[in-house]
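The values are calculated or read from the model by the stated rules, or taken from the named source; none is laboratory data. Everything numeric in this text was worked out from a predicted model, so none of it was measured. Because the Cβ atoms are built from the backbone with ideal geometry, glycine has one as well, and the counts that use them run over all protein chains shown. Surface accessibility is based on the protein's heavy atoms, side chains included, excluding ligands, DNA and RNA. Shrake-Rupley method; radii C 1.70, N 1.55, O 1.52, S 1.80 Å.
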Amino acid sequence: EVALSVVLLVGTGLMVRSFTELQRIDPGFEAESVLTFNAAMPGGRYPTALERHQLQSQFQERLMALPGVEAVGAALPIPLRGPVFNGRYGTEEARADESFFKQAAYKMVIPGYFAALRTELVSGRVFTAADNSDSLAVVVVDQKLARLTWPGESAVGKVLLIRLFTPDPIEVEVIGVVEHQRHAGLAEESRETIFFPNRFAGSFGNPTWLVRGTNPMGLVDAIRAELRTLDPRIPLAEVREFQGYVDDAMAPTRFALILIGAFGVTAVLLAGVGLYGVLSSVVRQRTAEIGVRMAFGAQKEGILRLVVGQGLVLTGAGLIGGLVMALGVTRLMESLLVGVTPTDPVTFAGISAVFAVVAIIACYLPARRATMVDPTVALREE
């Protein structure tokens, strides 16, 4: 019981540490107070990039005018939702040797995107309405790409070769560097990212909109009304607070923590009750012996050490066996762990200390009862 309880408790401890680490991770954005939704423009009614851009700009202006709205932007895709588009990029040396091209995540954004997510600007500037052009080739990159491509240098003003639509590389200028955003999940760092103005990429008709406000869900009716005014045939779809996507990303770790934790707590309670029961039985069986010892002058402290010591020997054997088992079993949990190794020494030491406290309490109660044995009564019963 002790050994199996230790294994489950170690698993619980690792999941607790993983969940704590997951909450400490800076994903590169602030999810609170942000509403997300889709407003897909039918290609048949808006066949050109200019028409799509004009409708998106009008919609953004109307949303910014709503009371309580702080920032409005859009992207394809937003973090934690949808597949990330990958493309190749390189510096001038890649023009002569294609092996210098690397892979990066491509994101099409509408100006206001970084403000809506409060993604920190590290250097340079972010997109403005003037940059949202089909001919002005400017991009924003994240810190990860800047460090990899120009270590120790400023990325602002540098030229990148990218392959967006054609097999031939296009030259783009880096106007800003922002903090790295995690795309697919929170547990692992994503690929370096290049952000493009949406119109330069063709003003795709179905970006996900992001509206930051004091009461995001309270804006839904007003947003729907503004969209209906522009084009009543465009539906407002997939309305959700962005925090919900963050909660979904944390759900597997949270579920594993609750499941393993429930088993761990149950196991340690059973182990504690088991130790208590074993020592209580031992005390009953050794009542006469304890009475003799006390009759010959044994002190209560000695009797207490005798019984508790016997319990701690059992606990120690189980604890050692459980830790050895845990070293092997926890390796199977590696895919669930975040920021902690399956053999994390802090967790193993902490769980050992916790179980030692539980064991001492479980052993102390019957040991204390043993010290209250009346030698005369014990000898008479014998």
Just give me the residues in region 196-239 being aromatic (F, W, Y) and within 15 Å of N38 (Cα to Cα), in sequence order. F204, W209
I'd like the full set of residues that are open to solvent by 40 Å² or more (accessible area, probe 1.4 Å), out of contact with any helix residue (DSSP H, G or I) (no Cβ under 9 Å at 6 or more places or on another chain), assigned to a helix (DSSP H, G or I) and within 17 Å of N206 (Cα to Cα), limited to region 23-64. L50, E51, R52, Q54
Every pair of residues 6+ apart whose Cβ atoms lie under 6 Å, when the first sits in region 259-274 and is open to solvent by less than 80 Å² (accessible area, probe 1.4 Å) while the second is outside any helix (DSSP H, G or I): A271/E1; G274/E1
Every residue from region 182-237 that is without any contact (Cβ under 8 Å) to a residue 40 or more places away in the chain and of a type in the set (A, V, I, L, M, F, W, C): A225
Among the residues of region 65-90, what is the count of those that are of a type outside the set (A, V, I, L, M), open to solvent by less than 30 Å² (accessible area, probe 1.4 Å) and within 14 Å of F37 (Cα to Cα)? 3
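Is it fair to say E226 is among the acidic types (D, E), in contact with a Leu (Cβ under 9 Å, 6 or more places away or on another chain), open to solvent by less than 50 Å² (accessible area, probe 1.4 Å) and more than 25 Å from V338 (Cα to Cα)?
Yes.
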Lone qualifier among V156, V220, V172 - being among the β-branched types (V, I, T) and under 30 Å from the mean Cα position of the chain (by Cα): V220
So, in region 300-357, of the ones that are polar (S, T, N, Q), modelled with pLDDT of 85 or more and open to solvent by 30 Å² or more (accessible area, probe 1.4 Å), which residue ends up nearest to R24 (Cα to Cα)? T341
T12 among the hydroxyl-bearing types (S, T, Y) and in contact with a Gly (Cβ under 7 Å, 6 or more places away or on another chain): yes
So the strands (runs of 3 or more DSSP E) completely within region 91-179 holding 1 or more residues that are under 28 Å from E61 (Cβ atoms) and open to solvent by less than 40 Å² (accessible area, probe 1.4 Å) are 102-110, 138-142, 170-178
Return a yes/no flag: does region 241-257 have any residue that is touching a strand residue (DSSP E or B) at 6+ places or on another chain (Cβ under 7 Å), modelled with pLDDT of 85 or more and assigned to a strand (DSSP E or B). yes
By residue number, the members of region 1-21 that are closer than 30 Å to E189 by Cβ, open to solvent by less than 10 Å² (accessible area, probe 1.4 Å) and of a type in the set (A, V, I, L, M, F, W, C) are V10, L14, M15
